[in-house]
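Okay, structure first, notes after.
The values are calculated or read from the model by the stated rules, or taken from the named source; none is laboratory data. Here the structure is a predicted model, which means the values were calculated and not measured. Here the Cβ positions follow ideal geometry from the backbone for every residue, glycine too, while neighbour counts run over all protein chains shown.
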Amino acid sequence: MKKILTALLILSALLALAACQEEPQAEPTEAPAAEVESPTEAPPTEEPPPTEEPTAVPELTEEPMEEPTEAPMEEPTEEPMEETAEEPAAEMVASQSGLGDPLYPLLGNAGYDVQHYTIDLEAEPQGNTIAATTTIDAQATQALDSFNLDFAGLEISEITVDGETAEFSRDGQELTVTPATAIADGAAFTTAVTYSGVPEPIVDPGVPFTAIGWLRFLDEDIISVISEPSGAMSWFPNNNHQLDKATYTMRITVPEPYVVAANGELAETVDNGDTTTYVWEMDDLMASYLATVNIGAFERDDTIGPDGILLRNYYPAGRIDEFAPAFEPTAEMIEFFSSILGPYPYDVYGAVVLPVDGDFALETQTLSVFPQSAVDEMTIAHELMHQWLGNSLSPATWQDIWLNEGFSAYFPFLWDEHVNGPEANLLPAMGAYYEFVAGAQVPPPATVGLDNLFAEPIYVRGPLTLHALRLVVGDEVFFDIMGTYYERFAGGTASTADFIDVAAELGGEDARELLNAWLYEAEVPPFPETE
Ligand code: ARG
Ligand code: ZN
């Protein structure tokens with residue numbers, strides 16, 4: 001471990017020299033807050049955070065939950081997520097309680113397909129209490145006597161299915177709903193879950209460096225939802241896997257003067273006197289882990305990007321001048337990435353900057369969340385790139401996460417190459433990455449487990465894999481592979497095998513062999529010769 005740390009330090013020093021990075025290696029921090037700690041222990045974080053940089057894996061240093069000044073909060077009793085598979089299984093076996101993801105078998109639920117979530121939620125930030133009804137429009141994909149949703153904590157007062165009261169039971173994160181009348185295969189149905197309480201952060205073994213889900217930052221008086229991978233179930237019941245994407249309406253009511261920033265477009269703001277309801281519409285399909293709600297004293301800054309895309313950024317009140325300049329390249333980045341992959345997938349984009357320090361930002365759909373300490377050009381490019389790769393085109397399983405992070409770690413270097421030329425940062429960084437990966441024998445990206453889901457195999461060997469592919473097939477074929485892969489799977493999901501097939505189709509069997517070696521083999525392949 002020491003060796004890795006040393007190597008990473010050298011690597012970050014090189015990268016810093018390469019000027020991409022201002023923040024060298026953060027020290028491993030542990031899971032936020034003692035209060036979040038659970039009886040069962042998330043795996044200890046020995047590993048240094050994944051990368052410095054492009055993506056820097058953020059941990060939010062701030063405790064999400066501290067004792068409220070008044071109403072004492074209950075101790076989170078939350079158990080960590082249930083059972084996760086130790087050994088990735090090759091096949092996904094879906095059931096009522098889970099889709100059989102190799103790393104998170106209980107996430108998602110078979111038997112239905114969600115079309116739309118309507119989340120009506122009233123938040124009381126001082127005590128961090130919520131009272132909500134989430135209404136789910138779905139279609140049965142088999143006859144259903146009962147069905148499951150993923151939902152952790154909070155207290156449910158009522159569930160209806162097509163307007164009739166339904167029975168329900170809970171077991172960990174599995175909420176089983178038994179409608180009064182069975183649902184026929186293919187039938188559309190609507191279920192509404194009414195609940196309240198204080199949302200508890202999720203302890204997820206895939207992200208031991210942070211709590212996830214609905215997070216309250218007491219000192220800064222903000223709330224932010226950061227869910228990847230499993231945190232969405234901390235605040236609304238859902239089919240918690242990217243294999244079932246849906247559109248969203250969020251009606252979030254907060255006391256004056258709090259402001260709410262969420263995914264999509266702000267369709268309406270309703271003044272209720274003491275409270276305001278912010279109605280956010282996400283009209284394109286979204287995975288539940290990409291849903292975000294941010295509540296605090298934010299100020300909005302609007303500009304128009306390419307193709308009329310509305311860029312709306314939310315900054316801590318009074319600090320627009322401090323942050324807006326950093327986000328100015330966003331419009332040009334959108335044009336640049338569009339030229340490689342195809343049009344930006346949504347009508348709007350923007351960032352919400354939180355007045356907290358942390359090491360990672362998150363690519364929440366159309367509104368990336370940045371801690372104030374992660375606002376830098378490479379991270380801005382990284383989260384933007386995720387809107388194509390990650391959000392529109394999502395990994396079929398969590399073990400395919402390199403399809404998100406490897407690409408989003410490499411593309412900021414393409415942006416840098418576009419602006420500064422290849423010698424400035426791209427080539428030195430890839431050289432340093434190779435030294436590091438070969439020296440530390442960083443394991444391959446496509447076979448990661450929960451213990452290195454957001455670590456070096458993904459953030460360092462991942463982008464290096466793409467760079468190696470590029471060196472072997474040449475720029476023309478490489479960019480053709482990128483664009484074709486995106487075009488083919490945009491709006492849905494793809495597996496590592498899907499990507500390799502596209503690469504082989506356009507780049508030949510050499511490309512397949514190279515990718516197999518880089519993605520699956522323990523041994524680090526030689527750095528491709530360039531001419
Ligand atoms: N996907 C994010 C990024 O690299 C951060 C991932 C780690 N954090 C998390 N909560 N999953 O931009
Ligand atoms: Zn990322």
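Does residue 156 satisfy the criteria of being assigned to a strand (DSSP E or B), closer than 29 Å to residue 450 by Cβ and within 26 Å of the chain's Cα centre (by Cα)?
No, not satisfied.
Residues that are buried (at least 22 other Cβ atoms within 10 Å of the Cβ), within 16 Å of ligand 1 (Cβ to nearest atom) and touching a residue at least 40 places away in the same chain (Cβ under 8 Å) occur at least once in segment 338-349.
Scanning segment 123-149 for residues that are surrounded by fewer than 18 Cβ atoms within 10 Å (Cβ to Cβ) and of a type outside the set (A, V, I, L, M) yields 124, 126, 127, 129, 135, 137, 139, 141, 142, 145, 146. Of all the criteria given as (1) more than 19 Å from the chain's Cα centre (by Cα); (2) within 16 Å of ligand 1 (Cβ to nearest atom); (3) of a type outside the set (A, V, I, L, M), the one not satisfied by residue 370 is (1). Residues in segment 464-478: is at least one within 16 Å of ligand 1 (Cβ to nearest atom), in contact with an Asp or Glu (Cβ under 8 Å, 6 or more places away or on another chain) and not small (Gly, Ala, Ser)? Taking every residue of segment 464-478 in turn, none turns out to be within 16 Å of ligand 1 (Cβ to nearest atom), in contact with an Asp or Glu (Cβ under 8 Å, 6 or more places away or on another chain) and not small (Gly, Ala, Ser).
Does residue 461 meet the test of being among the basic types (Lys, Arg), touching a helix residue (DSSP H, G or I) at 6+ places or on another chain (Cβ under 9 Å) and within 16 Å of ligand 2 (Cβ to nearest atom)? When the stated conditions are applied, residue 461 passes them.
Exactly one residue among 331, 317, 291 is buried (at least 20 other Cβ atoms within 10 Å of the Cβ) and of a type in the set (A, V, I, L, M), and that residue is 291. Just to be sure, is residue 325 free of Cβ contacts under 8 Å to residues at least 24 places away in the same chain and either away from ligand 1 (no atom under 16 Å from the Cβ) or not in a strand (DSSP E or B) (or both)? Criteria met by residue 325.
Screening residue 115 against (1) surrounded by fewer than 18 Cβ atoms within 10 Å (Cβ to Cβ); (2) modelled with pLDDT of 95 or more; (3) assigned to a loop (DSSP other than H, G, I, E, B) leaves a single unmet condition, (3).
The set of residues in segment 481-524 being more than 26 Å from the chain's Cα centre (by Cα), surrounded by fewer than 16 Cβ atoms within 10 Å (Cβ to Cβ) and over 16 Å from residue 447 (Cα atoms) consists of 505, 508, 509, 510, 512, 513.
Does residue 346 fit the bill of being among the hydroxyl-bearing types (Ser, Thr, Tyr) and part of a strand (DSSP E or B)? Taking the combined requirement at face value, the residue does not satisfy it.
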